[in-house]
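Following: one structure in structure tokens, then a few remarks.
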Amino acid sequence: MHLRDKAKDNRSFVQLNKLLEEVLSDKELNNAASSMKKKAKVFDKLRGALRIAVPEGKNGLNDPGDETDMKTIEEQVGEFKAWLECEPLRKTTYIKMINQMDKYWEKLFADPILVHTSEGPVHIAPQRTNNILERLFRGEKRHGRKKSGTVSLNKMLKTILADTPLVRNLENDEYRKTILNGCTSLAERFSQIDDKIVREKLKQAQKDRGKVPPALRKLIRQLDLPQKISEIFCAKSKFNANCHLRT
């Protein structure tokens with residue numbers, strides 16, 4: 001590619017062309033790319049058979065799937081499994097997948113559970129994969145990162161209240177309708193709470209505190225416990241400082 005008449009003006013494009021030629025001529029890289037394309041096609045066939053995160057969908061891994069009946073899905077996955085096993089090399093490559101499918105086949109295509117409720121019988125379909133939970137955790141991660149600005153959510157997940165994730169259930173219309181109980185907003189619903197009942201529950205919770213384990217009681221009785229904790233903390237601080245200096 002020559003954009004200028006002078007060769008020195010095209011030096012950057014010549015260097016880029018050399019780098020691209022090296023990449024394109026790399027046999028190991030080409031083999032890895034070719035293998036990845038083949039495996040991606042196999043994965044797409046599995047997604048299509050399971051009707052979860054379907055290849056033609058626009059939501060990627062957040063696709064909840066479609067309404068295909070379970071018998072049809074089982075037949076399609078059976079055809080996919082037979083396709084894997086019909087060719088020796090393909091069967092060897094995906095033997096772990098085949099073994100997993102054999103192991104969980106009954107659970108993967110379990111019949112819906114009939115539950116009798118006050119509104120009549122309801123069929124609940126067991127989760128065939130962990131796709132729903134993965135979508136939930138991805139949503140929590142995005143929410144936490146937007147809120148804190150940090151990539152790691154380890155500290156936040158350890159310090160949040162146990163019931164905090166339940167707030168996400170308010171996005172479900174049926175759950176929200178049940179919680180509101182005829183009210184138009186959460187503020188109106190909270191205004192109906194009897195503060196006397198809340199105070200009684202708090203008092204009861206203070207009386208019903210869990211028993212302290214014997215080992216912990218023995219530790220608390222030690223008169224020099226604060227000093228030991230201080231010594232451990234100081235020793236750890238010195239160790240971290242030494243490691244920082246070495247690096």
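A single member of Thr92, Thr72, Thr68 is surrounded by fewer than 10 Cβ atoms within 10 Å (Cβ to Cβ), among the β-branched types (Val, Ile, Thr) and either in a helix (DSSP H, G or I) or in the same structural domain as Met36 (by TED's automatic domain parsing) (or both), and it is Thr92.
Do you know which residues across region 128-144 are of a type outside the set (D, E, K, R), within 23 Å of Glu74 (Cα to Cα) and surrounded by 11 or more Cβ atoms within 10 Å (Cβ to Cβ)? Hits for region 128-144 are Thr129, Asn131, Ile132.
Among the numbered conditions (1) over 26 Å from Glu140 (Cα atoms); (2) of a type in the set (Lys, Arg); (3) at pLDDT 75 or above, the only one that Lys177 does not meet is (1).
The values are calculated or read from the model by the stated rules, or taken from the named source; none is laboratory data. Keep in mind the model is a prediction, meaning the values are calculated, not measured. So basically every Cβ, Gly included, is an ideal-geometry build from the backbone, and we count neighbours across all protein chains shown.
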